[in-house]
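Trainee: Provided herewith is a single structure, encoded as structure tokens, for subsequent inquiry.
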Amino acid sequence: MIKRLFFLLPFSTIVSANEPDTIQVKRIDLDEVTIVAFKQNTPNREPLSISTLDNRFLKENEISGAKDLSSLLPNFYMPDYGSKQNSPVYIRGIGAKKDAPSVGFYVDGIPYFETSAFDIDLSDISSIEVLRGPQGTLYGRNSIGGTINVYTHSPLDYQGTYFRLGYGSYNDMRLIASNYTKVNEQLGLSFSGNYHHNDGFFTNLHTHKKADKLDNGAGRIGLTWKPAAHWTTRFITSYEYSNQGGYPYGLYNADKGTTEAVNYNNEGLYRRNLLTSGINIRYDGPHISFNSQTSYQYIQDKMGIDQDFSPRNIFYGQNKIRQHMYCQEFTIKSVNKSRYHWITGAFVFRQTINRKVDLSRFTDTTRHLTNSGIPTQGIAFYHQSTLDLLQGLSCSVGLRYDYEHARCDFSKVQQPLNGNGETKSLEQFNRSLHFGQFTPRFSMQYLSSHNQLFYASVSKGYKAGGFNVSFLNNDDYLYSPEYNWNYEIGTKLSFLNNRLSADLSLFYIDWRNQQITNTIPTVGNVIRNAGRSRNKGIEASFQARPTKSWMMYMNYGYTDARFVHYQKEERGILKDYEGNYLPMVPRHTFSLTTGYSFYDICSWIDRLTLNAGVSVTGPIYWYEDNQAKQSPYALVNLRISINKGCFTWEAWSKNLTNTDYLSYYFVTSKAYAQKGKPIALAADHGGFELKEAV
């Protein structure tokens, strides 16, 4: 049942003497500085499929996390289930359900190696880029499916203060505050903080409490310094704490196609501490540009889950993980206007992951304690050359070499549940592995005299192997690398003085030695190299601005992803899944969003903006046998905002039609599912924005 919305009184603000008097400005249309990755030039001139979302689009569509982008972009799917630790990303059907991701994730150039760190707060973000297809040549590790780049504001380009307080259904409370100050022409400082609380959407029948409550707080500070004309240094550090209930799974009735209510006795929980810091040093000279990115990330998380999902005491598992990640990258590229352009670089990293698993088995009054330490280090070198052949026609050739070495110290013991008695060793090993791989990329592109781009490309994606900490036999200790080849043709068109633009692409992916996650009852998730698939599809994006006040976006993606070879033994029976659709991959993703602004309506309204959006996802097959699926479903979102001077009031809704759908389905001893989030309404008040884009 939806709770009543409370409409709060707007707050006031104090403007410093150095701040422009924006209160006197009735119409505020900011053409913000769009940050582009060092490794790319203008996105609409790159020979690859890429979507760029600016700050205005993110706000108008209430994008607060990467999961909100699901189906909003072509062939992009990030299911929202379980907890923040469960954050797999699928692009063009390429993804990984657990452990190391198949999609690269960067925030201001800082790499995030673990999917448990992907679901972060994205409020007060400058822009987001999503690159589809393998990006291994320039981005390397974990980019076999694509790359997500997130950018924050620079205080030298963007100044002012922002404050927002909101309240919505399910006791949803949000507080956001930020400030960007340009001290002088060489120095800028920034800070931002936010807090988000939600009582939860799903009630546990056994405990009579919400199963998926959330408290999340985050803060970020930044410093930008230009010691000389061609040099820029940025220091950014952020911290985020999440305290979350999780895993609102209920029994799934296949005959009726319904999901029962959450009903288990032991609390599901997820706690995460996430600290990330980075120093970026950049030189932009007349002939070359240089970029140095130094990064560190610390993750400490704890998961607790009732693994039998029933009111009985059968299994309860706790999983604790600590990660330290250090990396350094140097990149140099040419900026001359000659026919030959190049970019080259080196990347080195070290990551250590310590994992402790405590599985309580109430049926035999024992507990299994697992400890694993996995240090991994790697180094990579890459280069890409581009040659202008004829007027408008050019070709690019890139090559990267990655080398990784990893070791796993593993032990597993059994002891009585009460802690008194003999401890029995169940398993122990110390193993190492190493991998080396070349990932090339070739492309031809033609830019017409009317700035219309046509391209064709071939690229290889690669993802290293690793260790399983859950297994049935010795064959499951390790899994090998996987790789794919992506073949793509596309075009980027613009018409009517850039008031209408279109991006179109066709792709074919040959995915080999595929890493597939198998869920084994009482054991856990085991990754095996068990398949080869082929993914083919199309992508289309259109952006139109019929008038200055009216914007429209349409995105469509189609992915036909099927197994070419995959056989698996289940309960002594060898099953062949050749020709079946890959699980967790929607065949269609479609979105249509539009926004219209009315100006100077009356003396107390400077601007009234209406936004509406619909997204369609599906069908999605949840398991390799294709017996269970989610049919295509649509979600409708609406938003209205009113601006007066620096103050804003807005109200918005998500899943306005209260569409009933599944966000996740899995099978252990029984079939379970999680329902998608129901309708949610909210209002935000006191939001004021005193910002100036330079």
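Trainee: Nearest 20 debye, what's the magnitude of the dipole of the chain about its Cα centre given +1 on Lys and Arg Cβ and -1 on Asp and Glu Cβ?
Mentor: Charge dipole of the chain: 460 debye, to the nearest 20.
Trainee: Oh, and also: Calculate I(q)/I(0) for the chain by the Debye formula, one identical point scatterer on each C-alpha and no solvent, and give its log10 at q = 0.09, 0.10 Å⁻¹ to two decimals.
Mentor: Summing over Cα pairs of the chain leads to -0.81, -1.02.
Trainee: Using every alpha carbon pair in the stretch 63-111, what percent of pairs falls into each 10 Å bin from 0 up to the bin containing the largest distance?
Mentor: Reading the bins upward from 0: 25, 57, 17.
Trainee: Oh, and also: What's the Cα-based Rg to Rh of the stretch 141-284, Rh via Kirkwood?
Mentor: Here the Rg-to-Rh quotient is 1.15.
Trainee: Would you mind classifying the stretch 339-426 by shape? Square roots of the alpha carbon gyration tensor eigenvalues, ordered a ≥ b ≥ c; an a/c under 1.5 is rounded, otherwise it is prolate if a/b is larger than b/c and oblate if not.
Mentor: It comes out prolate by the Cα gyration axes.
Trainee: Could you tell me which chymotrypsin sites (Phe, Trp or Tyr not before Pro) in the stretch 539-604 are loop residues by DSSP with no more than 12 other beta carbons within 10 angstrom of their beta carbon?
Mentor: Passing both the DSSP loop test and the Cβ count: Trp604.
Trainee: So what is the relative contact order for the chain, in percent, with contacts set as C-alpha pairs under 8 Å and at least six apart?
Mentor: Result for the chain is 13 percent.
Trainee: Another one. Using 1/(1 + (r/R0)^6) with R0 = 35 angstrom and r between the beta carbons of Asp475 and Asn273, what's the FRET efficiency to the nearest 0.05?
Mentor: 0.50
Trainee: Next question. Shape of the stretch 136-209 from its Cα gyration tensor (a ≥ b ≥ c, root eigenvalues): rounded if a/c is under 1.5, otherwise prolate when a/b > b/c, or oblate?
Mentor: oblate
Trainee: If contacts are Cα pairs under 8 angstrom and at least 6 residues apart, what is the relative contact order of the stretch 484-576 in percent?
Mentor: Relative contact order comes out at 24 percent.
Trainee: So if the hydrodynamic radius of the stretch 73-216 is defined as the Kirkwood radius over C-alpha pairs, what does Stokes-Einstein give as its diffusion coefficient at 10 °C and 1.306 mPa s, in µm² per second?
Mentor: Once the numbers are plugged in, D ends up at 91 µm²/s.
Trainee: Residue farthest toward the positive end of the dipole of the stretch 52-125, with Cβ of Lys/Arg at +1 and Asp/Glu at -1: which of Leu72, Val107, Leu53?
Mentor: Among Leu72, Val107, Leu53, the one farthest towards the positive end of the dipole of the stretch 52-125 is Leu72.
Trainee: Could you work out the mean projected area of the convex hull around the alpha carbons of the stretch 207-352, in square nanometres to one decimal?
Mentor: Projected area, direction-averaged: 14.7 nm².
Trainee: Just the accessible area for Phe410, please: 1.4 Å probe, Å², rounded to the nearest 10?
Mentor: So the heavy atoms of Phe410 present about 10 Å² to solvent.
Trainee: First measure r as the distance between the Cβ atoms of Leu205 and Asp560, then evaluate 1/(1 + (r/R0)^6) with R0 = 41 Å and state the FRET efficiency to the nearest 0.05.
Mentor: The pair Leu205/Asp560 has a calculated efficiency of 0.55.
Trainee: Continuing with the same structure: Sequence-distant or interchain residues sharing an amide H contact under 5 Å with Ala96, placed H: which?
Mentor: Close amide H contacts, sequence-distant or interchain: Val89, Ser102.
Trainee: Give me, ordered by chain and number, the residues 5 or more places off Val585 or on other chains with an amide H under 5 Å from its own placed amide H.
Mentor: Tyr621
Trainee: Okay, moving on. First measure r as the distance between the Cβ atoms of Glu422 and Asn513, then evaluate 1/(1 + (r/R0)^6) with R0 = 51 Å and state the FRET efficiency to the nearest 0.05.
Mentor: E between Glu422 and Asn513, to the nearest 0.05, is 0.75.
Trainee: Local charge sum around Thr439 (other residues, Cβ-Cβ under 12 Å, Lys/Arg +1, Asp/Glu -1)?
Mentor: +4
Trainee: Quick one, what does Rg over Rh come out to for the stretch 106-169 if you take C-alpha atoms and the Kirkwood Rh?
Mentor: 1.07
Trainee: Would you mind checking Lys210/Lys677; Lys654/Lys675; Lys629/Lys677; Lys39/Lys67 for any pair whose Cα atoms are more than 21 angstrom apart?
Mentor: Correct reply: Lys39/Lys67.
Trainee: Please work out how many pairs of lysine residues in the stretch 408-563 are eight or more positions apart (or on different chains) and have Cα atoms closer than 27 angstrom.
Mentor: Lysine pairs meeting the criterion: 6.
Trainee: Right, something else. Give the cross-link partners of Lys333 among the aspartates and glutamates, using a straight C-alpha distance below 17 Å as the criterion and excluding same-chain residues fewer than 8 apart.
Mentor: Here the aspartates and glutamates satisfying the reach criterion relative to Lys333 are Glu46, Asp284, Asp388.
Trainee: Moving to a separate point now. What fraction, in whole percent, of alpha-carbon pairs in the stretch 452-511 exceed 20 Å separation?
Mentor: 55 percent
Trainee: For the stretch 537-694, what is the largest minus smallest coordinate of the Cα atoms on each principal axis, given in angstrom and ordered from greatest to least?
Mentor: Principal-axis extents of the Cα atoms in the stretch 537-694, largest first: 75, 32, 31 Å.
The values are calculated or read from the model by the stated rules, or taken from the named source; none is laboratory data. The shown structure was predicted, so the numbers you read here are calculated from the model rather than taken from an experiment. Backbone-built Cβ (ideal geometry, glycine too); neighbour counts: all protein chains shown. Side chains are part of the model used for accessible areas, which takes the heavy atoms of the whole protein and leaves out ligands, DNA and RNA. Shrake-Rupley method; radii C 1.70, N 1.55, O 1.52, S 1.80 Å.
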